[in-house]
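The values are calculated or read from the model by the stated rules, or taken from the named source; none is laboratory data. These figures come from a predicted structure and were not determined experimentally. Positions of Cβ are generated from backbone atoms using ideal geometry, with glycine treated the same way; all protein chains shown enter the neighbour counts. SASA here: full protein model, heavy atoms, side chains in, ligands and nucleic acids out. Shrake-Rupley method; radii C 1.70, N 1.55, O 1.52, S 1.80 Å.
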Amino acid sequence: MHPGADPVRSVPPPPELSSIRAAARRVPSDDGQGVDLDLVIPNDVRYIEPVVELIRDECEAFDFPRRHRALNVPVALTEALSNAMLRGNIGRPDADVALHCTVDPTALVVEIRDQGEGFDLLASTGDPTAGAALEREDGRGLFLMRALMDRVERFDDHGNVVRLTLLRP
């Protein structure tokens, strides 16, 4: 080690899909036609990929089109989770993100709850392809979510909640 260099810190490995799957509460939906998943994860971006994979697997089980599983779901869900962690929870390591997901033969509905104060969905969804926004490295998440999902909603329910809805054709 060079003088003055920081010692190497031991970083725990990212969570495995199997541990995320084990932590999720999975039950038949109220109508018995689908499944509900409930999961609370730490405010750590390393959890995003295995959570996305879990939701993609559920969509596959309900025969969602390949394009939805390969593009719409992973991109929109990754953006929503990262916004919850980095913007809503402001990167606080003591915070968490709660996820409720319903998948059935007609739709995927995912609600992501953070501990932030909320935001104005319409005012926060600008066009990142116009003017000075082209030069920015952020500000595309809500735009992408709205382009890839059939509905994006925001409401307050014991925290800031974003609901993504993707209808199965």
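Within segment 151-169, residues that are over 11 Å from LEU108 (Cα atoms) and of a type in the set (Phe, Trp, Tyr) reach partners that are open to solvent by less than 70 Å² (accessible area, probe 1.4 Å) and not in a loop (DSSP other than H, G, I, E, B) with beta carbons closer than 6 Å, at six or more positions or on different chains, in the pairs PHE155/VAL161. Within the option set ALA84, ALA76, ALA107, ALA80, being closer than 22 Å to ARG146 by Cα, surrounded by fewer than 19 Cβ atoms within 10 Å (Cβ to Cβ) and of a type in the set (A, V, I, L, M, F, W, C) holds for one residue only, ALA107. Among the residues making up segment 88-111, those that are within 16 Å of ARG46 (Cα to Cα) and in contact with a strand residue (DSSP E or B) (Cβ under 8 Å, 6 or more places away or on another chain) are ASN89, PRO93, ALA95, ASP96, VAL97, ALA98, LEU99. Being in a helix (DSSP H, G or I) and either over 12 Å from the mean Cα position of the chain (by Cα) or not acidic (Asp, Glu) (or both) is the filter here; which residues of segment 20-54 pass it? Residues satisfying the conditions are ILE20, ARG21, ALA22, ALA23, VAL45, ARG46, TYR47, ILE48, PRO50, VAL51, VAL52, LEU54.
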